[in-house]
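What follows is a set of notes on a single structure, which appears directly below.
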Amino acid sequence: MSAPQVLVLAKTPEPGRVKTRLCPPCTPEQAARIAAAALADTLDTVAAATAGARILVVDGDHPAPAGWARLAQRGGPLSDRLANAFADARPVADRRGTAAATLLIGMDTPQLTAAHLDAAVGLLGTADGPDAVLGPADDGGWWALGLREPGHAEALRAIPTSTARTGRLTLAALRRRGLRVHLLPRLRDVDTVADAHVVAALCPPGSRFAVAVDADVPSAAGVGR
């Protein structure tokens, strides 16, 4: 069985479009640099992990790394864009002869390691493994969703995103479809200044994200003074 493909759902890191919850205290330009660093580290991690194909599903004109496929995000609400990403990536798998199994992650967990991804891909690529893997996030959402049969992503369209219940609702929706779901380790998304500092401390000291946070994000203790 071929290794599952890995999708990275991302926004082009332009000022005013990304990481707006960091502003203030960050400027839109600083927030964009933080987002660019998170995306770059995430792409490097995916490149180092096992994957049948690697696909950047992007809002905007950010280029995909060499050897990757690139798809434009399609749809309005995030729930639709997530479901469409699974659907639109399927022809890429067909052309490459890879398995239909697909793992989708975002760009907000730069502390992610290749070991995290290899574990998820390994579960999906094992004949007697789970039907789905779900990585819960500290804020109640999720950082990864993997499906052995990507068509089940249609369930995402009815689930509200960016809420404290998104992860629980996603898990319940998958189980209602009769899927066996394996929960991945819990990770913290980067949304706020406090998140940025906590996550930067979990990244290698020389990572782009850790360097960018040190340069562009005020200390959490100084926020609001």
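What the table below lists for this structure:
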{"quantity": "Span-rule helices in the chain, defined as complete DSSP H runs reaching 18 Å or more along the axis (Cα) with Kyte mean at least 1.6", "calculated": "none"}
{"quantity": "Cα gyration tensor shape for the stretch 63-180, rounded if a/c is under 1.5, else prolate or oblate", "calculated": "rounded"}
{"quantity": "Highest average packing first - 66-78, 103-115, 200-212, Cβ atoms within 10 Å", "calculated": "103-115, 200-212, 66-78"}
{"quantity": "Inter-part distance where the stretch 202-217 and the stretch 1-58 are each reduced to a Cα centre, Å", "calculated": "15"}
{"quantity": "The stretch 90-225: antiparallel DSSP beta bridges as a percent of all, rounded to 5", "calculated": "70"}
{"quantity": "Positive-end residue, the chain charge dipole about Cα centroid, Cβ charges, pick of Ala144, Val199, Ala48", "calculated": "Ala144"}
{"quantity": "By average C-beta atoms within 10 angstrom, highest first, the peptides 34-43, 125-134", "calculated": "34-43, 125-134"}
{"quantity": "Pairwise FRET efficiency - Ala48 versus Glu154, Cβ, R0 = 22 Å, nearest 0.05", "calculated": "0.10"}
{"quantity": "Whole-number accessible area per residue in Å² for the stretch 1-78, which is evaluated in the context of all protein chains at 1.4 Å", "calculated": "42"}
{"quantity": "Fully extended contour minus Cα-Cα distance, from Thr20 to Ala201, at 0.36 nm per residue", "calculated": "63.0 nm"}
{"quantity": "Accessible surface of the chain [probe 1.4 Å, protein heavy atoms]: carbon and sulfur percent", "calculated": "54"}
{"quantity": "Two-decimal Rg to Rh for the chain - Kirkwood Rh, Cα set", "calculated": "0.96"}
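The values are calculated or read from the model by the stated rules, or taken from the named source; none is laboratory data. Predicted model only: the values in this text are computed from it and were never measured. Here the Cβ is made from the backbone with ideal geometry for all residues, glycine too, and neighbour counts use every protein chain on show. Heavy atoms of the whole protein, side chains included, go into the accessibility calculation; ligands, DNA and RNA do not. Shrake-Rupley method; radii C 1.70, N 1.55, O 1.52, S 1.80 Å.
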